[in-house]
Structures are given as structure tokens and as C-alpha cells.
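Before any comments, here is the structure.
The values are calculated or read from the model by the stated rules, or taken from the named source; none is laboratory data. Please read these numbers as outputs of a predicted model, since none were measured by experiment. We place every Cβ from the backbone using ideal geometry, glycine too, and count neighbours over all the protein chains shown. Heavy atoms of the whole protein, side chains included, go into the accessibility calculation; ligands, DNA and RNA do not. Shrake-Rupley method; radii C 1.70, N 1.55, O 1.52, S 1.80 Å.
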Amino acid sequence: MRFAHRVRRFAVVLSAGLLVLAAAGGPAYAQGRLTTSDPPDGAALASAPRQVTLRFDAPPSAPDSHVAVRTTAGTDVGGGDLVATGDELTLPVSITTAGDYLVAFHVVFADGGETFDVVQFSVGTGAPPSPAAAAVVEQARYDASAHQHTVDPVGATFLFVDLLVLCSVLGLLYLKRPGAVGRITGRASESPSTQGAHES
């Protein structure tokens, strides 16, 4: 019982240490944010832009991020691949009609943080964009967040280590049960002649 208590205490301390390391090295340790955009949020443009650029306070990962530009009716006007350059993400757009436009983005940063936000601008209306309907924003949020991400290698490593520790502790506790110890000790203390007698 004393050994089992020590094993449990060791498991608790080790698990706490692993959780601290995971918190320090996993996705939660850094969170980036949007600093500026081009077009700016709320801008009223006389002519359509050729691209939308988002600038952040940390380098974004283009393969893990998603940016959608669409009309308030939900029509997508993105016209190419998302490109990351330094702290920026750039998406070509094809805007041919006047109206209000919504930029929704779910961005994952190179250091593991992530953010979601919405930027609006208007083209050819002479007025700032009207606030998008809640349903439009919610759909944009869903579309920007529903894309698949690659597996975070740091998080996967700590999860694997936690599973190994858990399996090891459970195995030690099983072997050190009073019954298991008695059976193992009894078998070890049997002489070869005694074992032969049992077998016969």
C-alpha cells in the first residue's frame, strides 16, 4: 500500500509537470491579433481593390489559415490563393459590382496562436458599409473556422507522453496490488523441486 501511494503521488507530480510544459509549449502560449487591413475596416472605396491584405502582430501560417471575402448576400469574390509574407496575409479578389463586402478570417500563426475576426468595406456606394446581418457574420465565421488544420506536433507529442505515463502508472499499480505481489513473490520463492512437484 505504501508503494502504491508513492506511485500515485509520483504520477500526480509528473502529470502536473507535463501539463505545465504543454501549456508553455503548446498553442495556448501565444495569441496573435489583427493590427491593420487594406482596405481598412469601415472604408468606403471609390474603386474595387485587386486584393485584400491583413496585417498581424505575429507571422501567420498560410496553409493553416483561411480568409473569405464575400458580398453581404454571401457571394464569394476571392480570386486566388492566400499568400503569407512576413506578418501579412494577402488574398486576390475579383469585385465587379458596387456594394458592401465582408472579410472573414480564421488565422493560425506560426507560433501556434490563432484568431478570428471580420472586416467590412464598401465599393462604389459613397458610404461606409452597413453592419452585416448577424446571420451573414455567423455563416462567415463558420466557413472560416470549418477548414481542416494540420495536426499540431507539439500538442500531439505531449498527448503521446501523457498516455505513456498513464499506461506505465496503471501497470505498476496492477503489479503492486497485494494479491499480485503475493502471487509473484510466491512463484519466485518456490524451489525448482517444488515447482516440479506442482507441475506433476
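Overview of results
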item: All positions within region 100-146 that are hydrophobic (A, V, I, L, M, F, W, C) and either part of a helix (DSSP H, G or I) or closer than 12 Å to Ala44 by Cα (or both); result: Phe121, Val123, Ala127, Ala134, Ala135, Val136, Val137, Ala140, Ala144
item: Among the residues listed as Ala98, Ala73, Ala144, Ala110, the single one being among the hydrophobic types (A, V, I, L, M, F, W, C) and open to solvent by less than 50 Å² (accessible area, probe 1.4 Å); result: Ala144
item: Residue list for region 74-95, filter: touching a residue at least 40 places away in the same chain (Cβ under 8 Å) and under 24 Å from Ala135 (Cα atoms); result: Gly74, Leu91, Val93, Ile95
item: Failed criterion for His106 (all others in (1) touching a helix residue (DSSP H, G or I) at 6+ places or on another chain (Cβ under 6 Å); (2) closer than 19 Å to Ala48 by Cα; (3) not small (Gly, Ala, Ser) hold); result: (2)
item: Any hit, region 106-120, residues being touching a residue at least 24 places away in the same chain (Cβ under 8 Å), aromatic (Phe, Trp, Tyr) and touching a Leu at 6+ places or on another chain (Cβ under 9 Å); result: no
item: Residue check for Ser37: at pLDDT 95 or above, outside any loop (DSSP other than H, G, I, E, B) and hydroxyl-bearing (Ser, Thr, Tyr); result: yes
item: Elements of type strands (runs of 3 or more DSSP E) in region 51-99, at least 1 residues being under 16 Å from Phe116 (Cα atoms); result: 51-56, 66-71, 88-92
